[in-house]
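Structure record follows, encoded as structure tokens.
The values are calculated or read from the model by the stated rules, or taken from the named source; none is laboratory data. Predicted model, so just to flag it, every value in this text is computed and none were measured. FYI the Cβ positions are ideal-geometry reconstructions off the backbone, even for glycines, and counts take in every protein chain you see.
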Amino acid sequence: MKVLVLGAGQLARMMALASTPLNIDVLAYDVNNNSVVNPLAPGESLGDLTQGIAECDVITAEFEHIDHAILEQCQRSGKLQPSATAIMTGGDRRLEKALLTECSVSNAKHVIVDNQQSFEQALSELSLPIIFKSALAGYDGKGQWRLKDSDQAQALWSELSEFLTENPTQALVAEQMVPFDREISIIGARNKNGEVKIYPLTENFHQNGVLSVSLAQACDEALQQQALSAFTKLTENLGYTGVLAIEFFQVGEQLLVNEIAPRVHNSGHWSQQGADTCQFENHIRAVTNLPLGNTELVRPTAMINILGTDTVPEALLAIAGLSLHWYGKTKRAGRKMGHINVSAADCETLVSKLEQVASLLPETDFPGVKSYIQSL
């Protein structure tokens, strides 16, 4: 069995590592140079997309911002899982909001903005503060503008108008900002037979719009069921196959969807050490229609992103229950270079270990991590 992943980054790499025990080969398509590569040794080209499609049994994706012509070519082959529609929906906030509305899944009040009239409509229908998000290509805090004071509205519209003029395929989603208690996410898998397995809800800490820490521990069953309901509605509507991530704002006892990601997700990296079957293996199992693996929490686990640096203190490796994952990337400011997973038998011990980890991490490379861990 051979799987072709659209995208040749760290998620394809981790899918390849998780697939080897299943005797499944994973190749990756680098969308930047039309080249199929081995995601574990990407230097050598193994052909172009047409060759990759011909040689593989299944096609999947590691990210959602893929040229529609590529997705349509893959969809015509009959091998793409999840579908081009599902991937496009995850990559366009307009389609995402329409899906949430159609499925009656709770999310922030919003207005689609593509001209001055709809901008004025957003100001009329939504309460300040309002966040404006680009419909396409926005991730990790990019492509966002905030309006906190009505006196700034016209100046903001001048900036947004210029953005829309320069990007004619774009639009904006204006959302009423939610005074949430915390950000959490659910990762789940669904195969072609409709079998569903979801991981426990994960608490997420962001710094400067980028995920910094994810914490998986025993969670409230009522919230877990809310998340499962949203996951089931969305995946059934899309006829979805693969792993899907849903990010939520928790407001009291209610979950509001922030966004969906039709792929394995950064907030699920903890599953490599915290579950019997990690999200990467379950994605491959799902798209190849194998039985899904156990997603129950085996032990409380946290993930800490490594951003913009290619070194961490060697003393970390002396901490029991700590696993280090590097992505083999060239260092660049803000770039996701790797992650650290920390596990323990119980939550109290995990927090103690995380405090030990935080004491070794330089604040300049891991801003806010120490204060977040101290708040647990």
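General observations
- Among the residues of this structure, L211 counts as one that is out of contact with any Cys (no Cβ under 8 Å at 6 or more places or on another chain), outside the structural domain of L11 (by TED's automatic domain parsing) and surrounded by 21 or more Cβ atoms within 10 Å (Cβ to Cβ).
- Test for L201: is it outside the structural domain of R285 (by TED's automatic domain parsing) and at negative phi: no
- Residues (out of contact with any Asp or Glu (no Cβ under 9 Å at 6 or more places or on another chain) and either surrounded by fewer than 24 Cβ atoms within 10 Å (Cβ to Cβ) or not acidic (D, E) (or both)) located in segment 273-288: Q273, G274, T277, C278, Q279, F280, N282, H283, I284, R285, V287
- Checklist (1) in a loop (DSSP other than H, G, I, E, B); (2) of a type in the set (S, T, N, Q); (3) without any contact (Cβ under 8 Å) to a residue 60 or more places away in the chain applied to Q121, failing item: (1)
- Taken together, the criteria place A230 among residues that are of a type outside the set (S, T, Y) and out of contact with any Gly (no Cβ under 9 Å at 6 or more places or on another chain).
- Each residue in segment 35-70 was checked for being free of Cβ contacts under 8 Å to residues at least 24 places away in the same chain, over 18 Å from Q10 (Cα atoms) and either in contact with a Leu (Cβ under 7 Å, 6 or more places away or on another chain) or not in a loop (DSSP other than H, G, I, E, B) (or both), and 6 pass.
- Some residue of segment 4-15 being outside the structural domain of T288 (by TED's automatic domain parsing) and over 24 Å from the mean Cα position of the chain (by Cα): no
- Segment 180-196, residues that are crowded, with 21+ Cβ neighbours inside 10 Å and farther than 26 Å from T101 by Cβ: N191
- One residue from A137, A108 being in contact (Cβ under 8 Å) with a residue 60 or more places away in the chain, within 14 Å of Q176 (Cβ to Cβ) and under 27 Å from the mean Cα position of the chain (by Cα): A108
- Filter result for the condition that a residue is surrounded by 16 or more Cβ atoms within 10 Å (Cβ to Cβ), assigned to a helix (DSSP H, G or I) and in the same structural domain as G368 (by TED's automatic domain parsing), over V342, V351: V351
- Matching residues, segment 298-328, being touching a Lys or Arg at 6+ places or on another chain (Cβ under 8 Å), assigned to a loop (DSSP other than H, G, I, E, B) and within 18 Å of S212 (Cα to Cα): G308, T309, D310, Y327
- Every test in (1) at pLDDT 95 or above; (2) within 23 Å of R190 (Cα to Cα) is passed by T50 save one, and that test is (2).
- Which listed residue, of L244, L255, L223, L211, is over 24 Å from G9 (Cβ atoms) and touching a helix residue (DSSP H, G or I) at 6+ places or on another chain (Cβ under 8 Å): L255
- Boolean, V26 is touching a residue at least 60 places away in the same chain (Cβ under 8 Å) and in contact with a strand residue (DSSP E or B) (Cβ under 7 Å, 6 or more places away or on another chain): yes
- Of everything listed in (1) in a helix (DSSP H, G or I); (2) closer than 26 Å to T89 by Cα; (3) in contact (Cβ under 8 Å) with a residue 12 or more places away in the chain, the single unmet condition for L156 is (2).
- Test: residue in segment 18-30 that is modelled with pLDDT under 95, polar (S, T, N, Q) and either within 21 Å of the chain's Cα centre (by Cα) or not in a loop (DSSP other than H, G, I, E, B) (or both): no
- Residue match in segment 167-174 (condition: outside any loop (DSSP other than H, G, I, E, B), touching a Lys or Arg at 6+ places or on another chain (Cβ under 6 Å), in contact (Cβ under 8 Å) with a residue 40 or more places away in the chain and among the hydrophobic types (A, V, I, L, M, F, W, C)): yes
- Within segment 146-179, restricting attention to residues that are acidic (D, E) and touching a Leu at 6+ places or on another chain (Cβ under 9 Å), the residue that is surrounded by the most Cβ atoms within 10 Å (Cβ to Cβ) is E175.
- Wholly enclosed strands (runs of 3 or more DSSP E) of segment 176-257 bearing at least 3 residues of a type outside the set (D, E) and over 14 Å from the mean Cα position of the chain (by Cα): 196-198, 242-251
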